[in-house]
Each structure stands twice: as structure tokens, then as C-alpha cells.
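The values are calculated or read from the model by the stated rules, or taken from the named source; none is laboratory data. Keep in mind the model is a prediction, meaning the values are calculated, not measured. All Cβ positions, even for glycine, are placed from backbone atoms using ideal geometry, and neighbour counts span all protein chains on display. Protein only, heavy atoms only, side chains kept; ligands, DNA and RNA dropped before computing areas. Shrake-Rupley method; radii C 1.70, N 1.55, O 1.52, S 1.80 Å.
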Amino acid sequence: MEARHLGRTGLRVSRLGLGTLTWARDTGERDAADQLKTFWEAGGSLVDTADVYADGGAEYLLGRLVEGLVPRRDLVIATKAGSVPDPDRRFDCSRGHLLAALDASLERLRTDYVDLWQVHAFDPDTPLEETLQALDIAVSSGRARYVGVSNFSGWQLAKAATWQLAAPGTRTTLASTQMEYSLLQRGVERELLPAAADLGLGLLPSSPLGRGVLTGKYRGADPPPGSRGASEQLAAFVAPYLDETADRIVDAVSTAADGLAVSPLQVALAWVRDRPGVTAPIVGARTSQQLTEVLSVEGLSLPDEICRALDDVSAPVHRYPDQDWSEL
């Protein structure tokens, strides 16, 4: 699998990442082991998790598998901290919470360091400088090699990255931002992607298949058994993309797939993988068979005319202030 630099850093990662959102919940140890081995054998390196996935179970499972199945040195392990199961406070990015969460993640992962440590979301109740200081401490103490953020808006990302760049050698430069990005969700193109490109951050798209909808499996009346849309925990996660707009985009993806003799999954994933500024989409699979189909996209590059057609059918409305005012 081809590797790419993560932003303006020396860290190289596979251009597809393996997500673990469902590990230790919907995906058991055997299936997780099969996925990790399949991914590694295909040349994949970037494995993404978080301390809240399955209440820590995903990290624990990944740690067990890395210890006995795949060499630690061959993986780029990325995890996140900051989300908390508190109905009154969804995110806690205080220095104390983040550093304690990192220690707990390292214990579950059975490793001395993570390759990429990410703030899971912006916390409006904690000064941003305090949150970012936790990242500096994590790197200076050797517990994290690189750091990034996730689910920050354009202005939040620009403020955080600029703050870190303001004191070179003292503060740790942000390497990446992880955001939802797909043919069904192109909101990051408004401000976040331009900010990331200007500031040297690589984008790690989450849900690059539109929460599974772009595979075409939800085109029937009812969600197929075993799918996220049929899952009690994740049905509400999929529901926002089951509308007429999504249907039109999925139809276009399916038409392109038929013309290329590939699957809709491959078309949708190749589109986002090769967008400007993208380092590696994070893809989750339920089984190793599904993951094998995901990995088969490595040999696919979409023709320019198909990219333009998909761009047109999924184009978001960008007007003031995203467009030059003189053109309005």
C-alpha cells in the first residue's frame, strides 16, 4: 500500500487507515484479529482508535492483538482523548483529564507510546492553551510521537495550529486533523481544508463511505441485517444520510461503479482518498471480507471525467464568505 506523509511531518502512514469504532462491541476478537492481520499483510500501517470506543474495550483489544499478532514497529497507532461519558459535559480537554486519559490508553494498548495522539473534540469550557499544553507534555515526555486534533471547526483549527507554530522548539506542531469527509459530507471544504493546507496539517477523513450509505446497501426499503443502519447503537448515526439528496449521490456513485466494473464502495473511497489535502481515510469494517474489498481500492484511480461528475452531483453550496465577494 502506498504511504503518504502526515501533513508537513516526517511521519509516513498508509494511505488508508483501519478504524476500530466497533471493536469489542460489534466486532469480536476473532474478527478484529482477522482484520488487523489482513490490513497489515496488505501494507497498511495506520490504525485509529479512541479511549471511548467500547468504553476502552477497543484499545484493550488492539493492545492484545498487537502484542501477539502484528509487530508494534510496523504500526502507526493513533488514539484520541477528550470525550467523556458525562451528560452534563460531553468533552473534557483539561490538561489533567487529557494526560490521565493518555496514561490509561497506554496501559490498555500495552505500549510505551502512541504514534499519534489526538484531541477528540473542541472543549469550550477549557482554555485552548491548556488543552494544547497537554499535547506538548505528551510529546516531551515521550508518550506521544505526534499530535493532532479531531472535530475542530475551521477557526478552532486555525487558532490551535497557529498557537503551536508561534513558539517553534517549545510547542509541538500539529500534524493532523481528523474530520468526517465523504461525497455525502463535504462541509470541511468550506474553511477547514484550506486552513489545514495552509498550516501544514494532513486530513484524516472519518466515515469516508458516508457512514456506509455510499456502498449502496441502504437503497432498499429496510436496512440490511447486520448493517450499522440495523444496529440499535448505530441506527441513529446512519439515519441523517438516508434522504433524497443522498439517494441522488448514491445513484451517481453506482452508475460510475457500473461503468468501471468496480463496486460503489471502491468509487466512493477512491474519490475521497485522492482529494487535495487528504492523507488517509479511516475505514471501519465489520468483517475481514469487507476489509478486503476496502483494500482492493489501492489499485483504482478514478478517471477525471468521473471525478468531475461526482463533484458536480455532490457539490455543497458555497457562497459568502467562502467565495470571493467580487464574484457574487
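Okay, here's what the table says:
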| quantity | calculated |
| --- | --- |
| Fraction of antiparallel bridges per DSSP, the chain only, in percent to nearest 5 | 15 percent |
| For region 77-202: relative contact order, % (alpha-carbon pairs under 8 angstrom, 6 or more apart) | 22 percent |
| Charge dipole (debye, nearest 20) of region 73-160; +1 at Cβ of Lys and Arg, -1 at Cβ of Asp and Glu | 260 debye |
| Within straight-line cross-link reach of Lys159, aspartates and glutamates at Cα separation under 12 Å, skipping those fewer than 8 residues along the same chain | Glu129 |
| Other-chain or far-sequence residues with amide H under 5 Å of His120's (modelled H) | Ala81, Gly82, Ser83 |
| Average accessible area per residue (Å²) across region 1-52 - probe 1.4 Å, nucleic acids and ligands excluded | 39 Å² |
| Among Asp125, Asp247, Asp92: highest mean-square fluctuation, GNM of the chain, C-alpha pairs under 10 Å | Asp125 |
| Qualifying trypsin sites (Lys or Arg not before Pro) for region 1-106 [loop in DSSP, other Cβ within 10 Å: at most 15] | Arg8, Arg89, Arg90 |
| The chain: most fluctuating residue of Pro205, Pro316, Pro303 per GNM, C-alpha cutoff 10 Å | Pro303 |
| GluC sites (Glu not before Pro), loop per DSSP, at most 13 other Cβ atoms within 10 Å - longest free stretch of the chain | 3-231 |
| Dipole of the chain, positive direction: furthest Cα of Leu203, Leu65, Ile282, with charges on the beta-carbon | Leu65 |
| Percent of Cα pairs exceeding the 32 Å cut-off, where the set is the chain | 27 percent |
| Residues with amide H under 5 Å from that of Val114, placed H, sequence gap 5 or more | Ala144, Arg145 |
| Solvent-accessible area, 1.4 Å probe, carbon plus sulfur percent, for region 1-132 | 44 percent |
| Most fluctuating residue given options Ser263, Ser141, Ser176, as computed from a GNM of the chain linking Cα atoms under 10 Å | Ser141 |
| Residue among Leu183, Thr215, Tyr113 farthest towards the positive dipole end of the chain, charges placed on Cβ | Tyr113 |
| 5 angstrom amide H check on Thr20, placed H, neighbours 5+ away | Asp48 |
| Relative contact order (%) - the chain, alpha-carbon pairs under 8 angstrom, separation at least six | 18 percent |
| Cβ-placed point charges (K, R +1; D, E -1), dipole of the chain about Cα centre in debye, nearest 20 | 660 debye |
| Region 145-225: projected area of the alpha-carbon convex hull, averaged over directions, in nm² | 6.8 nm² |
| Most to least accessible of Cys93, Cys307 (protein chains only, probe 1.4 Å) | Cys307, Cys93 |
| Dipole magnitude of region 22-71, debye to nearest 20 (Cβ charges: Lys/Arg +1, Asp/Glu -1, about Cα centre) | 120 debye |
